[in-house]
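The values are calculated or read from the model by the stated rules, or taken from the named source; none is laboratory data. This one's a predicted model, so the numbers in the text were calculated from it and none came from an experiment. All Cβ positions, glycine included, derive from the backbone under ideal geometry; neighbour counts span all protein chains shown. Ligands, DNA and RNA are stripped out before the accessible areas are found, and what is left, the full protein with its side chains, is counted by its heavy atoms. Shrake-Rupley method; radii C 1.70, N 1.55, O 1.52, S 1.80 Å.
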Amino acid sequence: MRVEKRKNIRFDDIGKVESPELCLFSGVLVDVSKQGCRVRFPTSLEIDTEMDYELKISPVRYNCTDCFLIMARPIWHSSTDDSTEIGFAILHSPSLKKYDSYVDKLLEEKQNMDSEQELLDGINID
């Protein structure tokens, strides 16, 4: 059984992630939290965990027309022959307030879904 040690809740998400200094190909956003995010790139990469990278994140939820420019540092990575998944810690960034607001919307959405589920669980259909 895996024990969750994270301080902040993570939300499954999807979006386009660009970081030309890291990879020529766009990556896919997998999940987000206030402190970090996970991104999957479609190729095997060598990752310098001592370097900070600028990530241009374009989420698809809430009709986001603006992207977030986030500075991030790789904390962990996992590679296969055809992909690399990277866990990033978010650093102070130009779009940090917009990014935080986006994560707050995801939290609000989750809380609303949990409330709706509680209501449905309380309905007895006999």
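Brief remarks on what is shown
Conditions (1) more than 30 Å from PRO20 (Cβ to Cβ); (2) modelled with pLDDT of 95 or more; (3) open to solvent by less than 70 Å² (accessible area, probe 1.4 Å); (4) in contact with a Lys or Arg (Cβ under 9 Å, 6 or more places away or on another chain), marked per residue:
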| position | (1), (2), (3), (4) |
| --- | --- |
| PRO74 | no, yes, yes, no |
| PRO94 | no, no, no, no |
| LYS98 | no, no, no, no |
| ASN112 | yes, no, no, no |
| SER115 | yes, no, yes, no |
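- Segment 80-105 residues that are farther than 13 Å from CYS37 by Cα and among the small types (Gly, Ala, Ser), paired with ones that are surrounded by fewer than 17 Cβ atoms within 10 Å (Cβ to Cβ) and at pLDDT 90 or above (beta carbon under 8 Å, 6 or more apart): SER83/ARG40; SER83/PRO42; SER83/THR43; SER83/SER44; SER93/LEU69; SER95/LEU69
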